Amino acid sequence: DVKVTQSSRYLVKRTGEKVFLECVQDMDHENMFWYRQDPGLGLRLIYFSYDVKMKEKGDIPEGYSVSREKKERFSLILESASTNQTSMYLCASSVGGGGGAAYEQYFGPGTRLTVT
Amino acid sequence: SQQGEEDPQALSIQEGENATMNCSYKTSINNLQWYRQNSGRGLVHLILIRSNEREKHSGRLRVTLDTSKKSSSLLITASRAADTASYFCATDNNAGNMLTFGGGTRLMVKP
């Protein structure tokens with residue numbers, strides 16, 4: 001069974017704090033993704049990575065950065081958290097080859113982040 | 001930008017009835033995927049249909065794809081209370097490296 005885990009289910013941070021969200025997958029997948037989900041807006045892609053130390057911007061990268069030092073781990077960083085970054089954050093992974101959207105994505109349980 | 005748009009936004013049916021959800025998209029695709037999300041959880045992949053396929057089945061799920069109309073439908077037959085969830089379609093971009101999700105259909109199946 002593919003497993004994607006996220007470091008926290010719920011997180012409360014203050015405005016201006018640096019926030020790290022961690023994601024780990026155990027299936028040796030090449031591709032990893034970070035999305036945020038807001039009511040009525042569906043999922044929006046923040047960043048993705050198709051290999052170690054590689055990253056690509058998604059639709060809404062502003063205010064975020066990512067790190068992929070190891071194949072199984074993909075971190076999302078909020079350099080200075082703001083209230084408009086309050087959201088559900090979902091990590092996903094998929095096999096590589098054929099592009100990151102060619103195969104099914106396996107999702108973690110999500111981290112509900114509140115910035116006050 | 002939202003490539004896929006689901007319709008209806010919400011659907012309420014009785015157990016045993018069929019549920020049909022539709023997805024429309026704007027630009028050409030290589031594949032279209034459907035996912036389910038139970039309340040407050042991550043998404044679970046249901047079906048992937050490629051642009052050269054017209055119909056695909058998986059258990060009680062049937063997905064159709066009409067590339068000429070840029071639309072897809074997900075049919076759940078003989079629904080169960082456990083099917084209560086949000087359902088999302090997702091399409092890939094031209095480069096095939098990103099998925100874009102629609103806003104989802106919230107399905108409630110009443111026992």
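Describe numerically, in nm with one decimal, the distance between label points set 7 Å from Cα along Cα→Cβ at B:H57 and at A:E22.
With each label placed 7 Å out from Cα toward Cβ, I get 4.6 nm.
Hey, what D do you get for region A:8-116 in µm²/s if you plug the Kirkwood alpha-carbon radius into Stokes-Einstein at 10 °C and 1.306 mPa s? Mind showing how you got there, number by number?
Numbers: Rh = 13.9 Å.
Taking Rh from Cα pairs, D becomes 114 µm²/s.
Which semi-axis lengths, in whole Å and largest first, follow from the square roots of five times the eigenvalues of the Cα gyration tensor of chain B? Intermediate results must be reported in sequence, preceding the final value.
Working: eigenvalues 108, 42, 27 Å².
Calculated on Cα positions only, the semi-axes equal 23, 14, 12 Å.
What percent do you get for the relative contact order of chain B when only Cα pairs under 8 Å and 6+ apart count? Each step should come with its number before you reach the end.
On the way: 287 pairs, mean separation 43.4, N = 111.
It comes to 39 percent, rounded to a whole number.
I'd like the FRET efficiency for B:N22 and B:R50, computed as 1/(1 + (r/R0)^6) with the beta carbon distance as r and R0 of 30 Å, rounded to 0.05. Before the final figure, lay out each step's value.
On the way: r = 19 Å, r/R0 = 0.63.
Step by step, r from the Cβ atoms, then E = 0.95.
Please state, rounded to one decimal and in Å, the Kirkwood hydrodynamic radius that region A:1-45 gives when every pair of distinct Cα atoms enters the mean of 1/r.
Working: mean 1/r = 0.0772 Å⁻¹.
After inverting the mean inverse Cα-Cα distance, the result is 13.0 Å.
State the volume of the convex hull built on the alpha-carbon positions of the protein assembly as shown, expressed per residue in Å³ and rounded to an integer. It would help to have the intermediate numbers written out before the result.
On the way: hull volume 26.3 nm³, N = 227.
Dividing the Cα hull volume of the protein assembly as shown by its residue count gives 116 Å³.
Taking 7 Å along the Cα-to-C-beta vector as the label spot, tell me the B:A95-B:D7 distance in nanometres, rounded to one decimal.
For the pair B:A95/B:D7, the computed spacing is 3.1 nm.
Would you mind working out the magnitude of the charge dipole of region B:24-111 relative to its Cα centre, with +1 at each Lys and Arg C-beta and -1 at each Asp and Glu C-beta, to the nearest 20 Debye? Before the final figure, lay out each step's value.
Working: 13 positive and 5 negative charges, 48 e Å.
Dipole magnitude for region B:24-111 comes out near 240 debye.
For B:43-55, what's the mean count of beta carbons from other chains sitting within 10 Å of each residue's beta carbon? Before the final figure, lay out each step's value.
Numbers: counts 10, 3, 8, 1, 1, 5, 0, 1, 0, 0, 0, 0, 0.
Mean number of neighbouring Cβ atoms from other chains: 2.
On each of the three principal axes of the Cα atoms of region B:58-108, give max minus min coordinate, whole Å, ordered largest first.
If we take the Cα atoms of region B:58-108, the spans are 38, 20, 18 Å.
Which of A:F74, A:F20 has the fewest other C-beta atoms within 10 Å, and how do the rest follow up to the most?
Details: A:F74 29, A:F20 12.
So the residues, fewest neighbours to most, are A:F20, A:F74.
What lysines sit close enough to A:K70 to cross-link, taking a C-alpha to C-alpha distance under 22 Å and skipping anything fewer than 8 places away on the same chain?
A:K3, A:K18, A:K53, A:K55, A:K57
As an exercise, use a Förster radius of 25 Å and the Cβ-Cβ distance of B:S39 and A:S82 to find the FRET efficiency, rounded to the nearest 0.05. Present the calculation step by step, with values, prior to reporting the outcome.
Details: r = 27 Å, r/R0 = 1.06.
Step by step, r from the Cβ atoms, then E = 0.40.
Counting other C-beta atoms within 10 Å, which of B:L61, A:L43 has the fewest, and how do the rest follow? Mind dumping the intermediate values first?
Numbers: B:L61 16, A:L43 27.
Ranking B:L61, A:L43 by Cβ neighbours within 10 Å, fewest first, gives B:L61, A:L43.
What's the magnitude of the charge dipole for the protein assembly as shown around its Cα centre, counting Lys and Arg as +1 and Asp and Glu as -1 at the beta-carbon? Answer in Debye, nearest 20.
On the way: 28 positive and 25 negative charges, 60 e Å.
Computed charge dipole of the protein assembly as shown: roughly 280 debye.
What is the extension gain from A:M54 to A:T116, computed as 0.36 nm multiplied by their sequence separation minus the C-alpha to C-alpha distance, in nm to one decimal?
On the way: separation 62, 0.36 × 62 = 22.32 nm, distance 3.18 nm.
Answer, rounded to one decimal: 19.1 nm.
How high is the relative contact order of chain A, in percent, counting Cα pairs under 8 Å that sit 6 or more residues apart? Each step should come with its number before you reach the end.
Working: 301 pairs, mean separation 41.6, N = 116.
Contact order relative to length: 36 percent.
Using a 7 Å offset from Cα along Cα-Cβ at A:R73, what residues in region A:2-17 end up with backbone N under 18 Å from the label point?
Correct set: A:3-9.
None of the figures in this text is laboratory data; all of them are computed from the coordinates on show. Note that the structure is a prediction, hence the values are computed from the model and not measured. Backbone-built Cβ (ideal geometry, glycine too); neighbour counts: all protein chains shown.
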